[in-house]
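None of the figures in this text is laboratory data; all of them are computed from the coordinates on show. These figures come from a predicted structure and were not determined experimentally. Virtual Cβ from ideal backbone geometry, glycine too; neighbours counted across all protein chains shown.
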Amino acid sequence: MAKTTSRVKPKNVKKTLLQLLRYLGRHKISLFLITIFVCISAASGIIGTYLLKAVVNDFIIPGDIPGLINMIFIMGIIYAAGVLTCYLYNKIMIRTSQQVVSEIRSDLFQHTQKLPLNYFDTHTHGELMSHFTNDVDTISEALNNSFTLLIQSFITSIGTIIMLLVLSWQLSIIVIIFLALMLLYIRRNGKLSKKYFEAQQKNLGAINGYVEEMVAGQKVEKIFNHEEQDYRKFCELNENLREASTKAFTYTGKTVPTIVALSYINYALSACIGGLFALAGLTDIGTLASYLVYVRQSAMPMNQFTIQINFLMVALASAEKIFAMMEEEHEIDKGKITLSKVRKEADGTISESDVYTGEFAWKVPKGMEGYTYVPLRGDVRFHDVIFGYTKEHTILNGINLYAKPGQKIAFVGSTGAGKTTIINLINRFYEITGGQITYDGIDIREIKKADLRRSISLIIQDTHLFTGTIADNIRYGRLQASDEDIVKAAKLANAHSFIKRLPNGYDTLLESDGANLSQGQRQLLAIARAAISQPPVLVMDEATSSIDTRTEKLIEKGMDTLMENRTVFVIAHRLSTVRNSKAILVLENGKVIERGDHEELLTQKGLYYRLYTGQFELD
Amino acid sequence: MKKFLAYVKDYKKEMILAIICIEAETAFELIIPMIMADIIDVGIANEDRSFILLKGLQMVVCAVISLFLGNLCARFTAICGNGIGASIRAAEFQKMQTYSFSNTDKFSTPSLVTRLTSDVTTIQNSITNGIRPGFRSPVMLLVAIYLSFKINGALAVVFLIASPILGIVLFFIVKNVRPLYTKMQGAVDYVNRIIQENLAAIRVVKAYVREDYEITKFEEVNQNLKNNSEKAFSLAVLNMPAFQFVMYGTILSILWFGGNLVIIGNMKVGSLTSFLSYVLQVLNSLMMFSNVFLLFTRSLTSWKRITEVLEEEPTITDDLAKEIEIKSGSISFEHVFFKYKETAQEYVLSDISFDIKPGQTIGIIGPTGSAKSTLVQLIPRLYEATSGNISIDGHPIYEFTQKHLRDSIAMVLQKNTLFSGTVRENLLWGKEDATMEEIERACRIACVDEFIDRLDNGYDTELGQGGVNVSGGQKQRLCIARAILKAPKVLILDDSTSAVDTATEAKIKEGLAKELPGMTKIIVAQRITSIMDADQILILDDGKINAVGTHKTLLKDNEIYQDIYYSQQQGGNL
């Protein structure tokens, strides 16, 4: 299967090869055995062919039957060794290569989990997916076949050339010239087809994107009766792809017949000149016969070698992309302070607890050993925080804000005002460039990231559901949660009544991101997921945007009980969602421009007032 | 398979030419070793220099002709393979467009995309790479067997033993490897799904500190894939040693029997060597053929996935359509029930009945999950009612063609989709040949004119995929303008002004009432202010109609409506 035989050149062959070899290096014994077996297998082929000459010249022509039997027996053993080793190296190679590929895949996935969000923002899902699929596949194919074929064809090529030289060095000159010609041809053709393969890849990408967009927008297509126009557009892209790939395949398709034909010309010349040599007494018929067999054989390993080198280069280019991703910096996490479930005794002392008590404390290492406990209260403060997603463009310019423990704090403002950014920073999804954020008086950089995040439940607007049952999706918030806990959380989120009506209730299987659930229902599930995690701090980023106001009120009541005396951050577009917050912060251009409760802000007659009276639209 | 041949038909000419070239090329290649035998047996034996040179020249000419034919064949094969691939892709796309959503849901979006792209590529590659060896090797095989019989019939019996052995082994491999490949493909799907979901939900994963959980999940499917692919590939590579085994065995037998024949004097040395080379050719052909077979085995899995797409029957058809047109735009629902899946126990919508007169405005309101969106999507037949009757102008909606029905109804969805392209291109979805005046008028009604000048290039501003360059409120207004351009009899707005401020929303409603008075309007909303002046308001609860009335009557009698009203009164603007 000529998978993009174009020469996709890796930038740093040596480095990538070394990295790949490090993976292979974990299987030293297997590799050693493979190399040995490949050598034996290749050698048995060469020696076998070499012995053909001896059989014809020394035994058949003189009519030495016992010698012939002897010789065939020896050859049988040699061939048997060849078959056996061929079987063995193939078997070991597949095992090793699949093991290596699964290790690479696993390392890549593990690494992906530790990458900062910044990385996901700057790379499309399609791009990251293709590392896992296309790139890993290419490596797999190459390791499965190319590695052994490369060694084998190399040994066979060298062996054949040596044999030819031994048999007749004069005649070998012809072969060597032709081999050089073939190499030149393959290189030139590879370069030419590369151009067309690049065009093909580009067109394939365009058609992929178009199909994806159209499948996703199917409803709109139908509503506007746009099928015909879309089909026309598709046909246009399809035709471009067809033209490009036809050209690319024409070029690669020419390689094999051309090489074959060249090798026949080579064969013809060798036979012709060899015949003349034989007449001149420079060589005997047996030698000539086996020489010609070698000549016919010489083209195949050469061709094979070039093709495999091409495959290997493509695989290395893929490996390079994978290793580059693995070299991306992890999220920074130097924090040492952890979060503990604690019990508060009557006398005010704090002790760690194994069960959920509703009380949490920060466990701060003190000196060489021992800890002090700082109760978790949910006091979040921003001190002159500066931040931008890119270096050129800062979003927050020295923002100062505070959230008092146990309060419900709301952020209001236009798209781009920095609401979501603030939330992202509390969670340390991104690193601030200046200033400081404290959590119960502790710099959040001192807190271990996992524990920081465990202390905050985040609900975002776009609900992502996983393949699995409804119950599984809610349980994602707390893996040990019992079935009763799940029902309780669902009731709290007002999701219970709709779940009950699903075909299999809580055991209904959700597929393709819960496509059949309405936007609002998905959000209810996300709220249930957050509720079950029993969070000390809750953050809701447009978490109820698709839920009707009445249901929202019901949820609010439930959440208020759950989050009593705990800090809740709310971002909402809808002012009814934020109205009863203790403090409403109106943001604009990365600055807090108004702060107060609903009544206070209305009397200020500022931006909030204009929003509330419908004079202004939030973008 | 019959279906597949239908696609081949369009490229019959190229296919035939390709095959002719292959066979001719093969013939010339076969002649070459025969000429070679002459050099040794006749030329050298008779010490005839000019004969040797002549034969050499003949060989070169043959090689050059086969080079030419081989290159031609590469061209025809590429045209054929890629052409067939393109036809299959186009057929799939066209078929996909006839799908209803229950059809689409069956496959899921990522799977449909794969079936239209990489599965077709697999087939295309196997045609392009498989034709040559596929048509070459059987001829090679037959000719070589024939010629070797001609050289020495007794010796050629070796083939009759070797070929079946090899055939049986290859058959065994191919037969067993097929289910293994299918299994492997399934394992690949699992792995991809886990990665895809993980990437999409990376914020959720990080927020809940579930990295380790995700890794465990991944390890499981990863191991599964490793085991499955190891099994499949291990079996497939048996091909190589099996081939070698038979080839070597044959060589040895021929040396033994052939050697004896030469010694007795029944055979020439040259014949033995050319016989040997035919043997290699036969076995090589078998090997190549088996490779093609393995290649096809893999693409069969893809072809199966493609036929599933092609053979899927669209659940919504025009079978009962007549030549009638929608004139006034009155709508009635009679005892309509609906569920997404046949197997679901509960209906999503139950016993829905109501009537809308032409030109009326209807508001639909109700709690989350009360199936408001589902209800309005039944009108343009995006989904088909499970039972009951929906009619427009007194005719059941299935009596209109889908094209006419959807031309007459404009709908703005809750989840708006704008496509990559300029603002103008997106608006023209509503009416392909709309004039600038028509566009401007629609934009005026939808209050798009308020911000269009502020975009970088006005109507020619490029929108990214999904319309990422405009804000939520702007997107909704663009979608409304796009719908108005259709000049529909019925306009359905499904929660499509939620991000627009109330002042602008009022302006849009006013514009609609003034400029398009005859149009029936159905407005699904969460805000009372969006629907309070509608002619009729429908309250949906739990997929049933809770009440029908006007703002006044509902506010007086209906508990749900009162609840919604007061929950928003306190909040004022939403």
Let me spell out the model: positive unit charges on the Cβ of Lys and Arg, negative unit charges on the Cβ of Asp and Glu, origin at the Cα centre of the range A:380-612. What dipole size does that give, in debye rounded to 20? 260
When A:Ser172, B:Ser332 are ranked with the fewest other C-beta atoms within 10 Å first, the list becomes B:Ser332, A:Ser172
Note, the range A:221-237: 3J(HN,Hα) by Karplus (6.51, -1.76, 1.60, θ = phi - 60°), whole Hz, Gly/Pro = x, goes 4, 5, 4, 9, 6, 9, 4, 5, 4, 5, 5, 4, 4, 4, 4, 4, 5
Let me confirm one metric for peptide B:232-245, namely the mean number of other chain beta-carbon atoms within 10 Å of its residues' beta-carbons. 6
Roughly how compact is the range A:333-403, stated as its Cα Rg over 2.2 N^0.38 Å to two decimals? 1.54
In percent, how large is the relative contact order of the range A:356-435, given Cα pairs closer than 8 Å and 6 or more residues apart? 26
Hey, got a sec? Which GluC sites (Glu not before Pro) in the range A:484-565 land in a DSSP loop and have at most 10 other Cβ atoms within 10 Å? A:Glu564
Taking the radius of gyration and the Kirkwood hydrodynamic radius from Cα positions alone, what is the Rg/Rh ratio for the range B:331-571, to two decimal places? 0.97
Report, ordered by chain and residue number, the lysines lying within cross-link reach of A:Lys582, taken as a straight Cα distance under 21 Å and ignoring same-chain residues fewer than 8 apart. A:Lys404, A:Lys408, A:Lys419, A:Lys553, A:Lys557, A:Lys591, A:Lys605
Angle check, please: helix A:483-492 long axis (alpha carbons) against the longest principal axis of chain A (alpha carbons), in degrees 0 to 90, nearest 10. 50
If you count, for each residue, the other Cβ atoms within 10 Å and average over each peptide, how do A:361-371, B:184-194, A:316-326, B:488-498 line up from highest to lowest? B:488-498, A:316-326, B:184-194, A:361-371
In the neighbourhood of A:Lys336 defined by beta carbon distances under 12 Å, the net charge of the other residues (Lys, Arg +1; Asp, Glu -1) is +2
Test of understanding: ordering B:Trp256, A:Trp169 by Cβ neighbours within 10 Å, fewest first, what list do you get? A:Trp169, B:Trp256
Give the cysteines in chain B for which no other Cys Cβ lies under 4.7 Å away, or write none if there are none. B:Cys62, B:Cys80, B:Cys443, B:Cys447, B:Cys479
Each residue of B:75-81 has, on average, a number of other protein chain C-beta atoms within 10 Å of its C-beta equal to 5
Once every DSSP H run of n ≥ 4 in chain A is given -39500 (n - 2.57) and the sum is divided by its residues, what mean residue ellipticity at 222 nm do you get, rounded to the nearest 500 deg cm²/dmol? -19500 deg cm²/dmol
Which value does Rg/Rh take for chain A over its C-alpha atoms, Rh per Kirkwood? 1.15
Taking θ = phi - 60°, what integer Hz values does the Karplus form 6.51 cos²θ - 1.76 cosθ + 1.60 yield along the range A:373-380, in sequence order, with x for Gly and Pro? 10, 10, x, 7, 10, x, 8, 10
Can you give me the angle between helix A:285-326 and the longest principal axis of chain A, using Cα atoms only, in degrees from 0 to 90, rounded to the nearest 10? 10
Taking one equal scatterer on every alpha-carbon of the range B:73-212, how large is log10 of I(q)/I(0) by Debye at q = 0.17, 0.18, 0.20, 0.21 1/Å? -1.13, -1.17, -1.23, -1.26
For the peptides B:8-14, B:165-171, what is the packing order when you average, over each peptide's residues, the other Cβ atoms within 10 Å and list the highest mean first? B:165-171, B:8-14
May I ask you to work out the translational diffusion coefficient for the protein assembly as shown at 4 °C, viscosity 1.567 mPa s, via Stokes-Einstein with Rh from the Kirkwood sum over Cα pairs, reported in whole µm²/s? 37
Cβ-based charge dipole, the protein assembly as shown, positive-most Cα from B:Ala242, B:Asn546, A:His111: B:Ala242
Treat the count of other C-beta atoms within 10 Å as a stand-in for reagent exposure and order A:Asp347, B:Asp119 from fewest to most. A:Asp347, B:Asp119
A correct Karplus calculation of ³J(HN,Hα) over the range B:365-372, with 6.51 cos²θ - 1.76 cosθ + 1.60, θ = phi - 60°, whole Hz and x for Gly and Pro, returns 9, x, x, 3, x, 7, 6, 4
Dipole-positive endmost among A:Gln604, A:Val592, A:Thr567 within the range A:474-619 (Cβ charges, Cα centre): A:Thr567
Just for the Cα atoms in the range B:2-311, what are the lengths along the principal axes, largest first, rounded to whole Å? 89, 41, 31
Averaged over residues of B:309-315, the number of beta carbons from other chains lying within 10 Å of each residue's Cβ is 0
Sequence-separation-based contact order of chain B, relative, with Cα cut under 8 Å and 6+ spacing, percent: 14
Which value, in debye to the nearest 20, gives the size of the charge dipole of the range B:2-311 about its Cα centre, when Lys and Arg are +1 and Asp and Glu are -1 at the Cβ? 680
Taking the range B:312-378, which GluC sites (Glu not before Pro) meet the DSSP loop condition and have no more than 10 other C-beta atoms within 10 Å? B:Glu323, B:Glu342
Radius, Kirkwood style, for chain B when every pair of distinct Cα atoms is counted (Å): 30.2
Dipole-positive endmost among B:Ile123, B:Asn103, B:Ala37 within the range B:23-138 (Cβ charges, Cα centre): B:Asn103
Charges at C-beta only: +1 for Lys and Arg, -1 for Asp and Glu. How large is the resulting dipole of the protein assembly as shown about its Cα centre, in Debye rounded to 20? 2520
Once the Cα atoms of the range A:13-326 are picked out, what are the Rg and Dmax in Å? 26.1, 89
Inverting the mean 1/r over all pairs of different Cα atoms, compute the Kirkwood radius of the range B:1-141 and quote it in Å. 18.2
